[in-house]
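Have a look at the structure below, then the notes.
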Amino acid sequence: MFTGLIQASGSLQSLSPRQLLVRCPHSDFVSALAIGDSVAVDGSCLTVETLSDKGFVVTVSPETLRRTTLEKTIDTDWVVNLEPALRVGDRLGGHFVSGHVDGIGHVKAFGQSAESWEMHFTVSPELGRYILSKGSVAINGVSLTVADCSTDGTQFMIAVIPHSFANTNLQYLASGHAVNIETDMLGKYVAKLLQYPARHQPEAEITPDFLAEHGFV
């Protein structure tokens, strides 16, 4: 479990077809990790297998590569956002983020206002159904609030404050850039329950025998 509050940055280096070295220059971040820990890498939850002075090693599954942008960033200069898993007792400053990326979205437009950077994104209808105004969304692992969106949610806008912009890879995005999207997990569970509601169990008739059987009389 994560909060979407980025704590460090790094880059990805290929060690084998499925194994990556997450290079991280932030020694404090790496020294706090242990083998088996979960780390969100651009929003994708990966497990620390080995630690070194250069960073940590992870293995990525074909499913992870299919659903995320990670494969396109391996052995490039692209900066990935890093967040360690939430510990019991930590402050929940963002929102509940699972690290299970739902799919890929794209930057549609990008502009700066007086107090923030306004970024417009497009997503597929499958993801758009979980996007709503003032709702939560994680973009490259960053916890953000939807400022506005289309009726179907396939186009939405966020306003990024200067701190989040300067301390994440959102600052490097441009029109057409692909990003990892994780929609709000609570919305997904509600949608599933509405689609497949639990079977209604008929209420038992309250009779003197029923009351006696259950100790009321």
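Data for the structure
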item: Count of region 27-53 residues which are without any contact (Cβ under 8 Å) to a residue 40 or more places away in the chain, more than 20 Å from ALA138 (Cβ to Cβ) and not acidic (Asp, Glu); result: 10
item: Flag for SER143 being in contact with a His (Cβ under 9 Å, 6 or more places away or on another chain) and under 14 Å from ILE6 (Cα atoms); result: yes
item: Members of region 166-214 that are outside any loop (DSSP other than H, G, I, E, B), modelled with pLDDT under 95, among the hydrophobic types (A, V, I, L, M, F, W, C) and under 29 Å from ARG129 (Cα atoms); result: MET185, LEU186, VAL190, ALA191, LEU193, LEU194
item: Qualifying residue in region 140-149 (condition: within 24 Å of ALA85 (Cβ to Cβ) and either in the same structural domain as ASP42 (by TED's automatic domain parsing) or surrounded by fewer than 16 Cβ atoms within 10 Å (Cβ to Cβ) (or both)); result: yes
item: Matching residues in region 48-91 - criterion: being loosely packed, with under 13 Cβ neighbours inside 10 Å, modelled with pLDDT under 95 and either on the phi > 0 side of the Ramachandran plot or aliphatic (A, V, I, L, M) (or both); result: VAL88, GLY89
item: Of residues in region 30-45 being in a strand (DSSP E or B) and surrounded by fewer than 23 Cβ atoms within 10 Å (Cβ to Cβ), the one farthest from the chain's Cα centre (by Cα); result: SER38
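The values are calculated or read from the model by the stated rules, or taken from the named source; none is laboratory data. This is a predicted model, so every value here is computed, not measured. Using ideal geometry, Cβ is built from the backbone for each residue, glycine included, and neighbour counts are taken over all protein chains shown.
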